[in-house]
Amino acid sequence: MIENFNIKNICCIGAGYVGGPTMAVIAKHCDHIQVNVVDINKERISLWNDKDLNKLPIYEPGLKEIIKECRNRNLHFSTNVDDEISKADMIFISVNTPTKEKGIGAGQASDLKWVEASARRISENAKGTTIVVEKSTLPVKTAETIKTILESSKKYSKNNLKKEINNFYVLSSPEFLAEGSAINDLENPDRVLIGGDDNDAIIALEKVYLNWVDKKKILRTNLWSSELSKLTANAFLAQRISSINSISSLCEETGADIEEVSKAIGMDKRIGSKFLNSGPGFGGSCFKKDILNLVYLCNFYGLEEVGSYWEKVLELNNWQQKRISKIIISKLFGNLFNKRLAILGFAFKADTNDTRESPAISICKDLLLEGAFLSIYDPKVEINQIQNDLFKNGDDNSRVCVASTIQESVEHADAIIILTEWEEFKKINWDKLVPLMRKPAWLFDTRGIINLQKLISLGINVWTVGKAN
Ligand code: NAD
Ligand code: UGA
């Protein structure tokens, strides 16, 4: 029992895309709580502490302003993992949970080594009553593993001082923020999910959120429902994208228009209008890994039909990316050798510098294999990141250059390929840009953001996803 447990000190393990923004928003709304974000990555922490707010390791609209307001007030970033754990009443685990690369379940199951390492560190360093909150996305039943590790510190506490030992409570509170809109999602969540079996621990976390979230939006479930709801939400969202992308190919064949079809079906309240934009396939660090994890769980429990149902969502996504590469190659006379292609956008979506699983990576690799020369422009992705995503150490990288403006990228290009829906691409002055290209010139709009008629009037060939081309 932890009646009237008032949280005064929070520690978050993991200063990434979830830990950083989530703790920043908690700090903003809870100036009575000290929030310490810790990470083993020194470079990342020093960027979080950089005086120049343009150097924050994560680009998110609205993040800079909150960091400016709260950093060194009640929001701190450090590598003092053990110290901050020992001071905390509540610890969030926000570490990475990528797909396992080796061993049993490789290619499907989540790699939980960072979660386990965090749990062990908590178990060794926490003092007194501590609430541990799973923020990372985890397979169902992970809370059990975390509990077992935490409990072990009771049995093996160094001096066998049984009475000094800790009390741990484990909650699951998965994060639903999307990159690019993280701050708004955290400030105005559709819901906050808290799974657990101890009412007082749930109340303690609820109290933190009640500083800015309406009570009606805070949903209590059991631990396993909470863990499974996170995987299911991502699977459903990804499924919508694969569904609309599948229809985009049919539109291209039949003369139907994917924008019109999306609008027509989205006006049905039962379907809803969001997440119906067709594109080059979904990217990002989570959809693929979470569906793979779901498939693994289904197979583990002997539900192969359910697993293969969800696996199709991923197959369709890969197919959409390959389909787009093939269309580009075939429209450019089946030959890309020494052709210059301007790639506009490399991030997996607009308003983020994240490139994890970006469709741009697989499409650019396909084009490079055909001998193309790529001139890539993205307003937020660093040159090193693009090089790391496309090449291994020692590879010949001379066919890729990273441009610092749209114009530089497009000069002398045979084709422009729009891969991310950045706002600035919607405002391009095509009258100025098209004359800079080599003719016959092509524009491939994989995001459906360009005014088709305007481009055609400038004498450029245009292909747009989901339209008769
Ligand atoms: P990330 O890779 O950006 O950040 C994770 C951080 O944890 C890294 O900086 C890493 O150095 C640190 N870390 C790993 N082990 C550690 C340890 N033992 N001690 C201290 N620090 C450690 O990952 P992310 O994108 O923030 O995702 C974190 C989790 O949240 C994942 O489970 C992911 O599925 C989930 N999630 C992500 C998003 C998203 O938009 N990125 C949204 C919702 C949920
Ligand atoms: C997604 C979910 O939206 C979040 O709720 C979840 O918390 C997060 O995953 C996670 O668990 O990591 P995120 O991947 O950041 O968030 O971004 P999304 O907006 O979902 O976009 C994912 C991909 O789908 C992007 O490549 C995007 O371009 C693509 N997409 C999205 C489409 O192609 N069409 C759409 O209509 C929407």
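No value in this document is a laboratory result; all are computed from the given coordinates. This structure is a prediction, so every number in the text was calculated from the model and none was measured. As a convention, Cβ positions derive from the backbone with ideal geometry for all residues, glycine included, and neighbour counts pool all protein chains shown.
Figures for the structure shown
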quantity	calculated
Distance cut-off 20 Å, percentage of C-alpha pairs in segment 296-357 lying past it	56 percent
Kirkwood estimate for segment 30-124, i.e. one over the average of 1/r between Cα atoms, Å	15.2 Å
Along principal axes, Cα extents of the chain, largest first, whole Å	80, 51, 44
Leading residue at positive end of dipole, segment 9-221 (Cβ point charges), from Ile104, Val208, Thr137	Ile104
Rounded to 10°, Cα long-axis angle of helix 113-125 versus longest principal axis of the chain	30 degrees
Degrees, to the nearest 10: 142-155 long Cα axis against longest axis of the chain	30 degrees
Under the Karplus curve 6.51 cos²θ - 1.76 cosθ + 1.60, θ = phi - 60°, whole-Hz ³J(HN,Hα) for segment 339-356, x wherever Gly or Pro sits	7, 9, 10, 8, 9, 9, x, 10, 5, 6, 7, 6, 6, 9, 9, 7, 10, 4
Considering only the chain, percent of DSSP beta bridges that pair antiparallel, nearest 5	5 percent
Per-residue Cβ neighbour rank within 10 angstrom, fewest leading, Thr99, Thr355, Thr148, Thr420	Thr148, Thr99, Thr355, Thr420
Residue order, fewest to most beta carbons within 10 Å, for Leu150, Leu138, Leu369	Leu369, Leu150, Leu138
Kirkwood Rh (inverse of mean 1/r, distinct Cα pairs), segment 226-273, angstrom	11.9 Å
Kirkwood-Stokes translational diffusion coefficient of segment 164-220, alpha-carbon pairs, 4 °C, 1.567 mPa s, µm²/s	105 µm²/s
Order of Leu303, Leu292 under a 10 Å beta carbon neighbour criterion, fewest first	Leu303, Leu292
HN-Hα J in Hz across segment 400-409 - Karplus 6.51, -1.76, 1.60, θ = phi - 60°, x for Gly and Pro	10, 10, 9, 8, 9, 9, 5, 4, 4, 5
Rounded, prolate or oblate (a/c below 1.5 giving rounded, otherwise prolate when a/b exceeds b/c) for segment 1-65 by Cα gyration tensor	prolate
Dipole magnitude (debye, nearest 20) for segment 9-221, charges at Cβ of Lys, Arg, Asp, Glu	460 debye
Cα-based shape type of segment 202-316, given that a ≥ b ≥ c are square roots of the gyration tensor eigenvalues and the cut on a/c is 1.5	oblate
For segment 9-221, the fraction of alpha-carbon pairs in successive 10 Å shells from zero, as %	8, 35, 37, 17, 3
Degrees between helix 19-29 axis and first principal axis of the chain (Cα, 0 to 90, nearest 10)	60 degrees
